[in-house]
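Notes follow once the structure below has been shown.
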Amino acid sequence: MTLADRKAELRKQAFQRRAQAHATDSGAAAGVLSSVLAGYRGVPTAGYIPIRSEIDPLPAMAEAAAHGPVCVPVIEAQGKPLKFRRWEPDAELVEGPFKVMVPASGDWIEPELLIVPLVAFTRAGGRLGYGGGFYDRTLQNLRAKHPTLAIGFAYAAQEFPDIPLDPTDQPLDMVVTELDLVMVGPDQSTS
């Protein structure tokens, strides 16, 4: 089985787990995410507008926007890194590529902290996305310019013990779930 086949099979399992967790979501994870973001007030932060069964970061993003710039990803083209447009809780949204909602207008921002959606994750910081490589390219470019923190945001059910990774897959620095905060690195801990 090829690496791509292994990733595709894992995505199927992870999408099922995520959908089940989403069906019973109480919204508690946004509070955990807010408490993490409070330690980074004023840092240019990228969130995302949730699609399908993605966990919803919008309440935490709204709180962060009261203290500094918050933006969301805009896909320019396949194979290119993401760009980020300023987002406010009352921003007018329009449909962008892949039917993802994006702000109709606003400044372009280069974030230093990214709240990253995902399909599956590991406690070692591995992340499986949708397969387009947008976040991997983006994180690689941003990390080459300045320190950039990648916070995965997911349901605990999306955790897997192992994920097949490519050399270009960018690691997460931490993962926030409705149950805990997973710190990545040699001193892994949860709270």
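Tabulated data for the structure shown
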item	result
Gly47 vs. criteria within 23 Å of Thr168 (Cα to Cα) and under 14 Å from the mean Cα position of the chain (by Cα)	yes
Leading residue by the ranking (nearest to Leu128 (Cα to Cα)) among those in the stretch 147-159 that are in contact with a helix residue (DSSP H, G or I) (Cβ under 7 Å, 6 or more places away or on another chain) and not hydroxyl-bearing (Ser, Thr, Tyr)	Gln158
Within the stretch 78-104, tally of residues that are more than 22 Å from Gln170 (Cβ to Cβ), part of a loop (DSSP other than H, G, I, E, B) and out of contact with any strand residue (DSSP E or B) (no Cβ under 8 Å at 6 or more places or on another chain)	2
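Conditions (1) more than 21 Å from Asp5 (Cα to Cα); (2) surrounded by fewer than 17 Cβ atoms within 10 Å (Cβ to Cβ); (3) of a type in the set (Ser, Thr, Tyr); (4) touching a residue at least 60 places away in the same chain (Cβ under 8 Å), marked per residue:
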position	(1), (2), (3), (4)
Pro81	yes, no, no, yes
Trp87	yes, no, no, no
Val94	yes, yes, no, no
Pro97	yes, yes, no, no
Leu118	no, no, no, no
Phe134	no, no, no, yes
Ala144	yes, yes, no, no
Tyr155	yes, no, yes, yes
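Here, each number is a calculation from the coordinates, and none is a lab measurement. Just so you know, these numbers come straight off a predicted model, no measurement behind them. Note that each Cβ is placed from the backbone with ideal geometry, even for glycine, and that neighbours are counted across all protein chains shown.
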